[in-house]
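See below for the structure under consideration.
The values are calculated or read from the model by the stated rules, or taken from the named source; none is laboratory data. In this text the structure is predicted, and so the values were computed from the model without any measurement. Methodologically, a virtual Cβ is constructed for each residue, glycine included, from the backbone with ideal geometry; neighbour enumeration extends over all protein chains shown.
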């Protein structure tokens with residue numbers, strides 16, 4: 001391996017220095033987000049109207065299958081990208097996602113849809129995790145929050161646009177056609193860009209690691225000195241800050257799973273048109289996506305903890321407004337609050353992981369965090385579905401609001417600030 005001094009002419013860390021590749025990865029992540037967005041309005045209503053599913057737990061089974069597959073794929077993506085390189089995992093994720101729209105378009109039974117969402121979960125876990133890891137590689141430690149804000153903004157603005165587009169297309173051409181054509185176009189586009197234009201970024205992580213060791217020879221984080229089981233333990237519970245981040249991520253996606261699967265049915269049952277349901281479903285990720293452009297950069301200035309704790313409480317407030325509301329206007333304010341709270345949390349959690357984890361095991365730590373975060377889809381789908389079947393949708397929404405508020409309390413109590421005070425520094429695990 002070349003010395004750090006020799007690598008400086010070939011590899012530079014920073015958003016400005018790597019803006020072309022960074023912009024390509026932002027575009028790729030928009031297509032990743034769009035793959036999920038096409039389902040956010042259409043699929044829950046398709047379950048009731050095409051397949052005749054009355055049980056909310058049965059309807060939300062597609063989210064549980066998606067969340068479980070994505071959580072496992074996240075874990076594998078981090079480790080495999082350390083072993084095989086980032087680009088190979090990104091391309092593999094797109095190849096797995098290609099059949100998803102076709103399976104849903106031609107599904108003769110709900111089990112096909114559930115299986116398609118297993119493939120979608122793998123696609124999302126591999127592709128989204130890898131784009132996150134590659135952006136962290138490229139920018140280095142100085143503007144990590146901004147980088148994550150841009151990444152998540154692109155993904156969730158695409159979720160919003162695809163949700164709105166598929167909902168309006170479904171109103172004119174049917175549920176399946178609107179979903180399938182948009183989804184297939186995004187999968188093909190994402191695959192071609194990843195194969196033809198995206199470059200490997202693992203060398204940037206290696207360079208950052210060597211650069212850090214040159215400034216601090218006692219860091220003790222060179223490759224091989226920490227095992228994957230140690231990374232799993234550190235990220236899950238042994239490091240109190242990483243535990244706080246992981247539980248907040250899990251609860252965040254727990255309430256997102258409810259919003260994805262239950263809200264369209266809840267709003268439609270109240271008499272809203274498909275267009276209004278689509279607008280509510282699109283507003284939440286649109287606010288989430290847009291405001292991440294500010295919150296990610298803000299976390300680089302004021303720190304991570306305040307935004308994470310406050311964001312969980314703002315999410316809880318938004319869910320309460322939806323639970324007690326009874327009109328389109330009230331629900332619109334509720335989804336706006338939910339989106340704002342999520343934007344405060346989402347890029348900041350990823351930035352905090354990047355702060356704490358050392359470059360040579362950071363990708364694996366991101367994978368472990370995303371394992372816990374996307375397990376929230378499974379927990380949220382099951383909890384919301386069974387609670388709604390037993391007690392009603394209002395109770396399901398209220399229970400998840402309470403859990404979201406409690407997660408903020410845990411983060412406030414357990415987490416310490418992670419924002420590096422010196423460029424290139426990393427808090428010790």
Selection from region 317-330 of residues surrounded by fewer than 24 Cβ atoms within 10 Å (Cβ to Cβ) and either in contact (Cβ under 8 Å) with a residue 60 or more places away in the chain or assigned to a helix (DSSP H, G or I) (or both) yields 317, 320, 321, 323, 324, 328, 329, 330
Are there helices (runs of 4 or more DSSP H) fully within region 67-154 with at least 2 residues that are without any contact (Cβ under 8 Å) to a residue 12 or more places away in the chain? List them.
110-139
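Yes/no matrix, rows are residues, columns are (1) modelled with pLDDT of 90 or more; (2) part of a loop (DSSP other than H, G, I, E, B):
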residue	(1), (2)
341	yes, no
347	no, no
360	no, no
366	no, no
374	no, no
395	yes, no
401	yes, no
409	yes, no
426	no, yes
Between 232, 272, 242, which is in contact (Cβ under 8 Å) with a residue 12 or more places away in the chain and either more than 29 Å from residue 360 (Cα to Cα) or surrounded by fewer than 17 Cβ atoms within 10 Å (Cβ to Cβ) (or both)?
272
Quick check on region 156-193: of everything there that is free of Cβ contacts under 8 Å to residues at least 60 places away in the same chain and closer than 27 Å to residue 287 by Cβ, which residue is surrounded by the most Cβ atoms within 10 Å (Cβ to Cβ)?
169
If residue 295 satisfies all but one of (1) under 19 Å from residue 256 (Cβ atoms); (2) more than 15 Å from the chain's Cα centre (by Cα); (3) modelled with pLDDT under 90, what's the number of the condition it fails?
(3)
Checking the conditions here, which among 408, 311 is closer than 25 Å to residue 124 by Cα and either touching a residue at least 60 places away in the same chain (Cβ under 8 Å) or crowded, with 24+ Cβ neighbours inside 10 Å (or both)?
311
As an exercise: evaluate residue 351 against (1) modelled with pLDDT under 90; (2) surrounded by fewer than 24 Cβ atoms within 10 Å (Cβ to Cβ); (3) in a helix (DSSP H, G or I) and give the number of the one condition it does not meet.
(2)
